[in-house]
Amino acid sequence: MIGCSVAIFWPGALTFGFPGVMASVWQEMFLVGSGATGAAIFFMLAAVGIFMFLVGRWQERYGIRRMITLGVLLTACGCILAAFAESIIMVYAWAFINGAASCFVYIPALTLVQQWYPHRKGLVSGTVSMVFGLAAAIMSPLFGMMLNSFGTRNMSLLLAALTLTIGLLGAYFARERDDRRAERQNEKLDAVKQQNGIRNEIDGNEENRSLTVKETLHTRSFWFLWTTWTLAGAAGVSMTVLSTGYGLSLGLPLGSAVFILTAFNLTNGTGRLASGYLSDRWGRSRVMSLAFLAAGLAYFLFPLAVDLPSSAILAAMVGFAFGTLFSVSAPLVADCFGLEHFGAIFGLTFAAYGFVAGPLGPTLSGYLLDLNNDNFVPVFLYLGAFCLLAAISIRQVVPPKRY
């Protein structure tokens, strides 16, 4: 648990915090608009869509620790590339590398902790996801301070060194269970279920059998989950690039505007632990649906927020829903389809987030802002509608019968 959490810290900080802080800097450096900087998120998510499934397959062949180590190395290389970026194209290259690197850490980390704690999948998945999201809340203000103190290039090189040192330490401790430990954990799980009278959610003679990727693709639950990731993912990730810009449009200084992004990332991180824990008790889809409804309400209220406190509170509501999407989807996939092919199946759900959520979220919202003279109202309204549709879609995700 500690190794996975340490390894995922810097990929999370760079994914959710770095673009929001650097967006205005890149616009000034390369003379581009909001649409161009928003497209950086598209390239990051495209890499996620490509590599999540592949990493899920590769970890079964090459091992979890090797995947995490490679992810740390790629993250550091991306920081070095960002340090020497001379055009927006190089920023896109950094975004693609960083997105790919996060896949090599995130999927193996989630797989590993659920293998260690099969009776608390929501809690342990939420813990790792919490670090992934909370890292940006911690680092976003520090990114701003580092930018002012060291400049763009030196800051990026320092981040590369920190990523390499801390990430490799985490990868060292991220060890898979051996067969004896696995047997003891399974015996403990069976004893807990028998003692508490808990029945598996899936009835039938093969209730413990994991579905293959091909079988999963033939279930309606997978496609409703895929739709949920498209809609909720687009609405959530858009806030990483909209929050600071909206604060600046209210006339706030950069330091105060970044606080809106910090509020988003704070609940994006801490909310993952809470929602993961609650999903173990109240059900996965119920917790996710309520979170998406709250995010939809927040987006509809955003046009009325004209000061820092109200904007930060609404951004925090969106952040909680976005964190819930990450933390609860992982155990939901394990509950519905099993753990044997978890990495590959969860990676396929990320294809929606990578290939569709990016264009529908940050990219489209950036171009709408350019077309409407930075009027945020249309953007907030359509993102709010996405959240409401996601709340309906996730309720249709149930464990399929396994014949």
- prompt: Does Val32 fit the bill of being closer than 30 Å to Asp370 by Cα and not in a helix (DSSP H, G or I)?
  reply: yes
- line: Filter region 301-335 for residues that are buried (at least 20 other Cβ atoms within 10 Å of the Cβ) and among the polar types (S, T, N, Q); the one that is farthest from Thr15 (Cα to Cα) is Ser311
Whichever residue in region 201-214 is within 15 Å of Val398 (Cα to Cα) and of a type in the set (Asp, Glu) and, among such residues, is modelled with the highest pLDDT: Glu207
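Hey, any hits in region 324-335 for a residue that's polar (S, T, N, Q) and either farther than 13 Å from Gly233 by Cβ or without any contact (Cβ under 8 Å) to a residue 40 or more places away in the chain (or both)? Explain how you work it out, then say what you get.
First, pick out the residues of region 324-335 that are polar (S, T, N, Q): 324, 327, 329.
Remaining after also requiring either farther than 13 Å from Gly233 by Cβ or without any contact (Cβ under 8 Å) to a residue 40 or more places away in the chain (or both): 327.
Yes, region 324-335 has at least one match.
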message: Tell me yes or no: at least one residue of region 143-153 is touching a residue at least 24 places away in the same chain (Cβ under 8 Å), at negative phi and under 23 Å from the mean Cα position of the chain (by Cα).
response: yes
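Restricting attention to region 30-45, which residues are among the hydroxyl-bearing types (Ser, Thr, Tyr) and without any contact (Cβ under 8 Å) to a residue 40 or more places away in the chain?
Keep residues of region 30-45 that are among the hydroxyl-bearing types (Ser, Thr, Tyr), which gives 34, 37.
If the condition is that a residue be among the hydroxyl-bearing types (Ser, Thr, Tyr) and without any contact (Cβ under 8 Å) to a residue 40 or more places away in the chain, then no residue fits.
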field: Residues (buried (at least 22 other Cβ atoms within 10 Å of the Cβ), modelled with pLDDT of 80 or more and of a type in the set (Gly, Ala, Ser)) located in region 358-386
entry: Gly361, Ser365
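Could you go through region 275-289 and let me know if any residue there is in a helix (DSSP H, G or I), aromatic (Phe, Trp, Tyr), more than 24 Å from Asp307 (Cβ to Cβ) and more than 18 Å from the chain's Cα centre (by Cα).
So in region 275-289, the residues in a helix (DSSP H, G or I) come out as 275-282, 284-289.
Pick out the ones that are also aromatic (Phe, Trp, Tyr) and you get 277, 282.
Right, trim to more than 24 Å from Asp307 (Cβ to Cβ) and you get 277, 282.
Then drop every residue that is not more than 18 Å from the chain's Cα centre (by Cα), which leaves 282.
So far as region 275-289 goes, yes, one or more of its residues are in a helix (DSSP H, G or I), aromatic (Phe, Trp, Tyr), more than 24 Å from Asp307 (Cβ to Cβ) and more than 18 Å from the chain's Cα centre (by Cα).
Is it the case that Gln27 is in a helix (DSSP H, G or I), without any contact (Cβ under 8 Å) to a residue 60 or more places away in the chain and among the polar types (S, T, N, Q)? Before the answer, list the steps.
Numbers: in a helix (DSSP H, G or I): yes; without any contact (Cβ under 8 Å) to a residue 60 or more places away in the chain: yes; among the polar types (S, T, N, Q): yes.
It is true that Gln27 is in a helix (DSSP H, G or I), without any contact (Cβ under 8 Å) to a residue 60 or more places away in the chain and among the polar types (S, T, N, Q).
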- prompt: Which of the residues that make up region 272-306 are under 30 Å from Gly251 (Cβ atoms) and of a type in the set (A, V, I, L, M)?
  reply: Ala294, Ala295, Leu297, Ala298, Leu301, Leu304, Ala305, Val306
- prompt: Restricting to region 336-348, what's the tally of residues that are surrounded by fewer than 24 Cβ atoms within 10 Å (Cβ to Cβ) and under 30 Å from Gly35 (Cα atoms)?
  reply: 1
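Can you give me the ranges of the helices (runs of 4 or more DSSP H) entirely in region 83-200 with at least 1 residues that are at pLDDT below 80 and surrounded by fewer than 24 Cβ atoms within 10 Å (Cβ to Cβ)? I'd like the intermediate steps shown before the answer.
Working: elements: 88-116, 121-173, 179-196.
Result: 121-173, 179-196.
Does Leu217 satisfy being out of contact with any helix residue (DSSP H, G or I) (no Cβ under 7 Å at 6 or more places or on another chain) and either in contact (Cβ under 8 Å) with a residue 12 or more places away in the chain or buried (at least 24 other Cβ atoms within 10 Å of the Cβ) (or both)?
Details: out of contact with any helix residue (DSSP H, G or I) (no Cβ under 7 Å at 6 or more places or on another chain): yes; either in contact (Cβ under 8 Å) with a residue 12 or more places away in the chain or buried (at least 24 other Cβ atoms within 10 Å of the Cβ) (or both): yes.
Yes.
The values are calculated or read from the model by the stated rules, or taken from the named source; none is laboratory data. What you are looking at is a predicted structure, and each value in this text was computed from that prediction instead of being measured. Cβ sites come from the backbone with ideal geometry, for glycine too, and all protein chains shown count toward neighbours.
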